[in-house]
Every structure is written in structure tokens, then in C-alpha cells.
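Worksheet for the structure shown next.
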Amino acid sequence: MDLKELYRDVILDHNRPPRNFGRLESAGAGGDVLHADGHNPLCGDRLSVYVRMNGERVEDIRFEGSGCAISTASASLMTEAVKGKERAAVARLFDRVHTLLTRHDAPADATLGKLAALGGVREFPARVKCATLSWHTLNAALERGAATVSTE
Ligand code: ZN
């Protein structure tokens, strides 16, 4: 299966239905929920990412919002990929996905698993921001959770 087919299949699969769709509430024993909103004005994608941390580990993550198939699939893939990972591992994964999406000569990275399919978006440069939106939003949520940062 070539990248184009893989891309199409994964994008379709993660739209019906997207994984981890919905919101997380702060109530309960699980601790506070970190949250950020993302907007991609180029396409009109809007999404919110909710993360519950257990120490440095992503205990649970969900997203909601409305956007194109690429932004929805990317967010769905992201939630599956980062759940259970340590904050530092999430940051490394973000770097690799960002490279995959933005560098045309990025080498194939078999360890990315299904996320590698997002590389197909490079065929459509105008849509790269659709695919990166959820990752930037996750980053914002995690940074806002740092004890020293308050934007509110
Ligand atoms: Zn979009």
C-alpha cells in the first residue's frame, strides 16, 4: 500500500467515528483537566483538547470540535498516540510529526505507526495546518498546565 492509499484509508477510518471524541470534566478523583482551544482560520477548523495528567503521564485525553476530515483524523490519531505517554515523550512525538508534515524530504519513520499516514498531507500543502492544529493545541494545553504559567 503506498502512502496515498494509506493516507486516504487512515483519514476515513478516523472520521467514522473519531477516537476519544468528547470532553473531560475536572470533577472526580482524577485531578485537574488541562484544556486549550485551537483554530485554523485557513480552513475553519476549530477544536478543543482536554488532557488529564497523572504526574508526568497523560492519563486521559479527548478532543471535540468541528473541522475538516484531516483535522478530525489527525486529532483522533493524536489522542491514540499520546495516551499513556510521559510529557517528554509527547514532546518528542510532536517534533517527529511536525517534521513529517512540514519537510518534504523527511525520511519514512516506521516507528510512527499509523501517524506515518499523516505524511500524505504533504501532497496538499494548504492542508498541513489542518493536520498540525490538534498537536499545537495539545502543546498549548500542556504548557498552560505548567505551574509557573498562567494566562488567565
Ligand atoms: Zn481543515
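The values are calculated or read from the model by the stated rules, or taken from the named source; none is laboratory data. Computed from a prediction, not measured in an experiment: that's the story for all the values here. A quick note on method: Cβ atoms are made from the backbone with ideal geometry, for glycine too, and the neighbour counts reach across all protein chains shown. Areas reflect the complete protein model, heavy atoms only, side chains present, ligands, DNA and RNA absent. Shrake-Rupley method; radii C 1.70, N 1.55, O 1.52, S 1.80 Å.
List of remarks:
- Exactly one residue out of ALA108, ALA116, ALA89, ALA81 is in a helix (DSSP H, G or I), free of Cβ contacts under 8 Å to residues at least 12 places away in the same chain, more than 15 Å from the ligand (Cβ to nearest atom) and of a type in the set (Gly, Ala, Ser), and it is ALA89.
- Top-ranked residue of segment 41-54 - restricted to ones that are among the charged types (D, E, K, R) and within 16 Å of the ligand (Cβ to nearest atom), ranked as surrounded by the fewest Cβ atoms within 10 Å (Cβ to Cβ): ARG46
Yes/no per residue for (1) at pLDDT below 90; (2) touching an Asp or Glu at 6+ places or on another chain (Cβ under 6 Å); (3) surrounded by fewer than 18 Cβ atoms within 10 Å (Cβ to Cβ); (4) among the acidic types (Asp, Glu):
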residue	(1), (2), (3), (4)
GLU56	no, yes, yes, yes
ARG62	no, no, no, no
ALA69	no, no, yes, no
ALA73	no, no, no, no
SER76	no, no, no, no
LYS85	no, no, yes, no
ALA91	no, no, yes, no
LYS129	no, no, no, no
THR132	no, no, no, no
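- The C-beta contact set for segment 123-134 (first residue in contact (Cβ under 8 Å) with a residue 24 or more places away in the chain, second residue within 10 Å of the ligand (Cβ to nearest atom) and acidic (Asp, Glu), distance under 7 angstrom, 6+ apart or interchain) comprises CYS130/ASP45; LEU133/ASP45.
- Scanning segment 26-40 for residues that are open to solvent by less than 40 Å² (accessible area, probe 1.4 Å) and within 16 Å of the ligand (Cβ to nearest atom) yields GLY38, ASN40.
- Condition check for ASP95: within 16 Å of the ligand (Cβ to nearest atom) and open to solvent by 20 Å² or more (accessible area, probe 1.4 Å): no
- Only one of ILE61, ILE70 that is away from the ligand (no atom under 16 Å from the Cβ), aliphatic (A, V, I, L, M) and under 15 Å from the mean Cα position of the chain (by Cα): ILE61
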